[in-house]
Amino acid sequence: MSLDVSLRHRFEGFALNAEFSAPDGITALFGRSGAGKTTVVEAIAGLLRPDEGRVEAGDTVLLDTGRGVALPAHRRRVGYVFQEGRLFPHLTVRQNLAFGRWFAPRGAETEDIGQIVEILGIGHLLDRRPGRLSGGEKQRVAIGRAFLSAPRILLMDEPLASLDQPRKAEILPYLQRLRAETRIPILYVSHSVAEIVHLATTVVAMSRGRVARSGPAAEVLSDPEAVPFIGIDEAGALLSATILGHDAATGLTVLSVSGGRLQLPHIDAAIGAALSLRIHAEDVIIATEKPTGLSALNILPATVSAIHEGEGPGAAVGLQSGTDRLLARVTRRSVRALGLAPGKPCYAIVNSTAVARSDIGGLETGGWASLDTAPAAPTRDEDGMKNPSP
Amino acid sequence: MIDWLSAEEWTAVRLSIRVAFWATLASLPFGVATALLLARGRFWGRQILNLLVHLPLVIPPVATGYLLLILFGRQGPIGGFLMDSFGIVFAFRWTGAALAAAIMAFPLMVRAIWLAMEAVDSRLEEAAATLGASRTWTFLVVTLPLILPGIVAGAILAFAKAMGEFGATITFVSNIPGETQTLPSAIYAFLQVPGGESSAVRLVVVSIAVAMAALLASEFVSRRIARWVAAR
């Protein structure tokens, strides 16, 4: 089931004009604050009536201003996880979870409450009230409540934004499991690339009320043209990698990517495990000849696929390495000096220390990970990758 | 305690409690509905409704009583209709005393519930809608439980006010012992006759005690409910 959205709405000093389609899986609605993301999800949920628009979930038309169709919010069956949880303070966790089910239509396919409780790890909280939960626990209950209301689609509006880093890391694995074990399309609003990397299969990048880029996550994130919307500091490509082995002597893990091999500081995963690596554009250097006498261990043959020059001195260069894409941040001067142009063969140099631990996805049951090798929801060790490379 | 008050005094106390109880109970649904309209309604005439509700608070109680007499008297437009159609009579009956007390206490009740309603996070009601609850259900299972402390506080406040209502009551239903002679009316009557002062003093003590007990109960109950609702 897919979600098709087309909206036009005008506020004072802000115009929304967005059109996109979200397939199965998690679609990240990405953009800086003020890009119009929340307006989009509120219009989908029926909490806001746009000037014009059409929203269709599967075969059901939720909104079509052209034909005068606008289902009220409570008849849309759109699950909504709010930034601040919004649990009912007078009900226990169990009653909060059951709330949506009371109102779900008879015969609607609902997720199994026991399974959701188990996935989210909230079994010990069932008889408590929201006032006594931590921020992370509240958000887990809110996610469960939305899942259990038999929604056609699920909207998550920055569900992790109000949490600190450890709490975010606590919830991400649960979301990954939910994505793997339920069949509800999810529209996930975020301004954090790190979250998207872990979760999204599709990315819709919004900027100033418009859809700037949309497509498969790996493509959008490695598209030089998308760099202005993502921000050069956050920009970076996703690589699918498989663990080939661990070298105890050097403390390095050897991974296979489609363009060659990478050696990275030890990654705690089994041999054969598939994972996704996020490589920041800043950490990729381009050479036109295979370099020698270099401390960097990782050199991948590549071809320039696209170049985006910004207004400053920098340029974003898209590279194709095997079936993977890479993104490099260089200066415009270097683009001229090296004569970079689409189609030109080159080498991408990735520093071994560049891949931050939190950017390795798929250690849990992520979309790129194979389910059987994934350990169940481990807590992340943020310091694991800070060792200097040899 | 029984011996402490004369039979006549007891009658006044019992009648007052009956009048205040029914005045509160019968006006409560209207109080909640009015508070809901005032807090959430966006309709033409909202300010007029607001004004009407608060009128008994600011005009002389005697004037309110007189207006009730005109409207709800046997010859009045509403009173005549109710008597002919349903056989309900307000004038010079204890039911009339309850009506007068209810009208006089109404602004206090509405204000307490209104305040509680303003304090309810409307984002919770949005959340209920996304979970499939219609407006009515949302009100019943989300809004109503959350404003329960306000409703209880408003009801007890209204009860205390109804116990003490005098001006509108005596104007509308007069001062008939056993039928419409409530506590304040009885105190007034005792003060008019020689030697009635000791009875008046005893009834004053009773009124103070009842009023204090009501206020304390209101505090206590609404705190308990608030704690239950928020589960701190």
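Things worth noting here:
- Against the test of being in a helix (DSSP H, G or I), closer than 27 Å to A:N351 by Cβ and in the same structural domain as A:F11 (by TED's automatic domain parsing), the options A:V197, A:V203, A:V227 yield a single qualifying residue, A:V197.
- Checking each residue in segment B:125-136 for being within 7 Å of another protein chain (Cβ to nearest Cβ), surrounded by fewer than 18 Cβ atoms within 10 Å (Cβ to Cβ) and out of contact with any His (no Cβ under 8 Å at 6 or more places or on another chain) picks out no residue at all.
- Some residue of segment A:42-64 being touching a residue at least 24 places away in the same chain (Cβ under 8 Å), within 14 Å of chain B (Cβ to nearest Cβ), within 24 Å of A:A194 (Cα to Cα) and crowded, with 22+ Cβ neighbours inside 10 Å: no
- Top-ranked residue in segment A:117-144 [being in contact (Cβ under 8 Å) with a residue 60 or more places away in the chain and crowded, with 19+ Cβ neighbours inside 10 Å; ranked as farthest from B:G132 (Cα to Cα)]: A:I119
- Residue within segment B:78-87 that is touching a residue at least 12 places away in the same chain (Cβ under 8 Å) and surrounded by 21 or more Cβ atoms within 10 Å (Cβ to Cβ) present: yes
- All conditions in (1) within 23 Å of the chain's Cα centre (by Cα); (2) within 14 Å of another protein chain (Cβ to nearest Cβ) hold for B:L67, with the sole exception of (2).
- In segment B:133-156, the condition of being out of contact with any strand residue (DSSP E or B) (no Cβ under 9 Å at 6 or more places or on another chain), under 18 Å from B:A101 (Cα atoms), free of Cβ contacts under 8 Å to residues at least 60 places away in the same chain and among the aliphatic types (A, V, I, L, M) is met by no residue.
- Among the conditions (1) crowded, with 22+ Cβ neighbours inside 10 Å; (2) within 13 Å of chain A (Cβ to nearest Cβ); (3) acidic (D, E), the only one that B:E165 does not satisfy is (2).
- Among the conditions (1) free of Cβ contacts under 8 Å to residues at least 60 places away in the same chain; (2) surrounded by 15 or more Cβ atoms within 10 Å (Cβ to Cβ); (3) within 14 Å of chain A (Cβ to nearest Cβ), the only one that B:N175 does not satisfy is (3).
- Restricting attention to segment A:221-253, the residues being crowded, with 16+ Cβ neighbours inside 10 Å, in contact (Cβ under 8 Å) with a residue 60 or more places away in the chain and of a type in the set (V, I, T) number 3.
- Among (1) under 23 Å from A:S2 (Cα atoms); (2) within 14 Å of another protein chain (Cβ to nearest Cβ), the one test that A:P130 misses: (1)
The values are calculated or read from the model by the stated rules, or taken from the named source; none is laboratory data. Keep in mind that what you see is a predicted model, and the values were worked out from it rather than measured. In this analysis, Cβ positions are derived from the backbone assuming ideal geometry, glycine residues included, and neighbour counts consider all displayed protein chains.
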